[in-house]
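Asker: Here it is, the structure, as structure tokens.
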Amino acid sequence: MKVIEHINAAKDAPLVSFEILPPLKGKGINALWAHLDPLMEFKPSFINVTYHRSESMFKRKLDGTFEKVEVRKRPGTVGICAAIMNRYGVDAVAHLICGGFSKQETEDALIDLNFLGIDNVLVLRGDAPKNEAMFEPEPGGHKYAIELMQQVNNMNNGIYIEEDLKNAVKTNFCIGVAGYPEKHFEAPNLQADLNYLKAKVDAGAEYIVTQMFFDNSKYFAFVQNCRAAGINVPIIPGLKPISTKKQLSVIPRTFHVDIPEALSNEVLKCKTDADVEVVGTEWLLQQSKELRAAKVPVLHYYTLGKPHMVANVVKEM
Ligand code: FAD
């Protein structure tokens with residue numbers, strides 16, 4: 001079932017969904033099941049699986065010199081989506097990114113998803129690799145998420161890269177895109193960012209998932225601005241628990257979002273990370289309750305390594 005169908009069927013009762021990362025290359029899938037199994041009692045409507053590009057690394061050779069190698073540390077998104085649907089009977093949403101992938105590789109991934117009966121994709125641009133300052137598309141790849149969306153739209157219309165394919169099967173992907181309540185860090189201003197978001201929706205995105213935020217007023221203002229700009233699709237809030245003191249600097253630097261003073265003050269008072277988990281859980285619970293009362297379509301939790309914290313929140317809802 002498509003994400004948009006879940007939302008439409010639920011009417012005003014907020015759904016719950018989770019987001020996970022594929023395991024690091026070389027790790028088995030059991031750690032992922034240990035992560036997800038305890039969350040299944042909350043009956044998520046769908047589970048998102050992130051997509052990862054390869055990174056350049058320098059490896060020391062036997063003679064002491066270094067060689068540059070490309071390593072994709074977290075492959076497996078498509079396979080994990082299929083495994084989730086098979087194990088839990090829950091819909092999976094595969095993330096797709098432009099960065100690091102050619103159009104041909106993207107087409108192959110979409111064909112695999114289609115064969116596996118996975119008809120939900122979250123279409124994203126991706127970021128620059130860690131050691132590069134600016135995002136650069138692959139040669140012949142996509143520069144913006146909207147271009148990747150166009151490729152998915154084409155396949156939904158039976159148009160593949162080889163345009164002369166006869167009677168090519170039309171895929172049936174439901175497409176979601178990302179939105180940024182606190183602005184995408186590269187956008188010159190909120191309005192410009194919103195204009196590009198509207199273009200994605202006008203091009204066929206059926207819903208938006210937001211970047212994480214820790215201050216609900218930012219989400220509410222974003223929804224209001226979207227509606228004023230004529231963006232009328234569901235806007236799913238992305239929620240993440242704070243679990244360590246270190247995150248007070250890592251999260252703003254990595255995700256370009258603010259941590260409210262009241263939250264950072266409470267975290268700074270904590271003696272251990274176990275204390276931080278208590279503060280982070282309570283904060284997330286209050287955020288979730290307020291969002292639920294505001295009748296958001298879905299509460300989407302970035303579980304990333306902290307499923308027990310998310311479980312403790314959803315249990316109280
Ligand atoms: P875009 O929509 O392409 O926007 C990128 C920037 O370009 C913005 O500043 C926008 O304002 C601007 N822009 C957009 N269109 C145009 C245009 N036509 N002309 C000029 N400027 C334009 N990353 C991963 O690598 N893997 C994941 O699985 C992943 N999952 C994510 C899930 C969510 C919910 C979110 C919020 C982010 C996720 N990311 C993931 C991170 C994401 O890839 C980055 O935030 C990336 O920098 C932007 O992606 P986007 O799809 O919003 O890009």
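The values are calculated or read from the model by the stated rules, or taken from the named source; none is laboratory data. This is a predicted model, so every value here is computed, not measured. Positions of Cβ are backbone-derived with ideal geometry, glycine not excepted, and every protein chain shown enters the neighbour counts. Side chains are part of the model used for accessible areas, which takes the heavy atoms of the whole protein and leaves out ligands, DNA and RNA. Shrake-Rupley method; radii C 1.70, N 1.55, O 1.52, S 1.80 Å.
Asker: Which whole-percent values make up P(r) of the chain when all C-alpha to C-alpha distances are grouped in 10 Å steps starting at zero?
Answerer: The calculated distribution, bin by bin, is 5, 25, 35, 26, 8, 2, 0.
Asker: Calculate for the chain the 222 nm mean residue ellipticity that helices alone would give, adding -39,500 (n - 2.57) per DSSP H run of length 4 or more and normalising by residue count, nearest 500 deg cm²/dmol.
Answerer: Result for the chain: -12500 deg cm²/dmol, rounded to the nearest 500.
Asker: How much length is gained if the chain between residue 143 and residue 73 is pulled fully straight, taking 0.36 nm per residue apart and subtracting their Cα-Cα distance, in nm to one decimal?
Answerer: 23.0 nm
Asker: If the chain between residue 272 and residue 162 were fully stretched, how many nm would it gain, using 0.36 nm times the residue separation less the Cα-Cα distance?
Answerer: Residue separation times 0.36 nm, minus the Cα-Cα distance, leaves 33.9 nm.
Asker: If the chain between residue 190 and residue 220 were fully stretched, how many nm would it gain, using 0.36 nm times the residue separation less the Cα-Cα distance?
Answerer: The span from residue 190 to residue 220 would gain 9.4 nm if fully extended.
Asker: Once Lys and Arg get +1 and Asp and Glu get -1 on their Cβ, which of 62, 38, 22 lies farthest toward the positive end of the dipole of region 1-69?
Answerer: Ranked along the dipole, the leading option is 62.
Asker: Return the long-range amide H neighbours of residue 15 (sequence gap of 5 or more, or a different chain), with a cut-off of under 5 Å between placed amide H atoms.
Answerer: 298, 299
Asker: In addition: Whose amide H sits under 5 Å from the amide H of residue 92, counting only residues 5 or more places off or on another chain, with H placed in the peptide plane?
Answerer: Close amide H contacts, sequence-distant or interchain: 47.
Asker: Which of the lysines could a cross-linker span from residue 68 if the Cα-Cα distance has to be under 21 Å and same-chain partners fewer than 8 positions apart are dropped?
Answerer: Counting by Cα, and skipping residues close in sequence, residue 68 has these lysines nearby: 25, 59, 130.
Asker: Give me the 1.4 Å probe accessible area per residue for the chain, excluding ligands and nucleic acids, in Å².
Answerer: In whole numbers, the chain has 49 Å² accessible per residue.
Asker: How far apart, in nm, are the 7 Å Cα→Cβ label points at residue 228 and residue 253?
Answerer: It is 3.5 nm.
Asker: Roughly what would the spin-label model give for residue 202 and residue 9, points 7 Å off Cα along C-beta, in nm?
Answerer: 3.3
Asker: Moving on. How do the peptides 153-165, 290-302, 255-267 rank, highest first, by the average count of neighbouring beta carbon atoms within 10 Å per residue?
Answerer: 290-302, 255-267, 153-165
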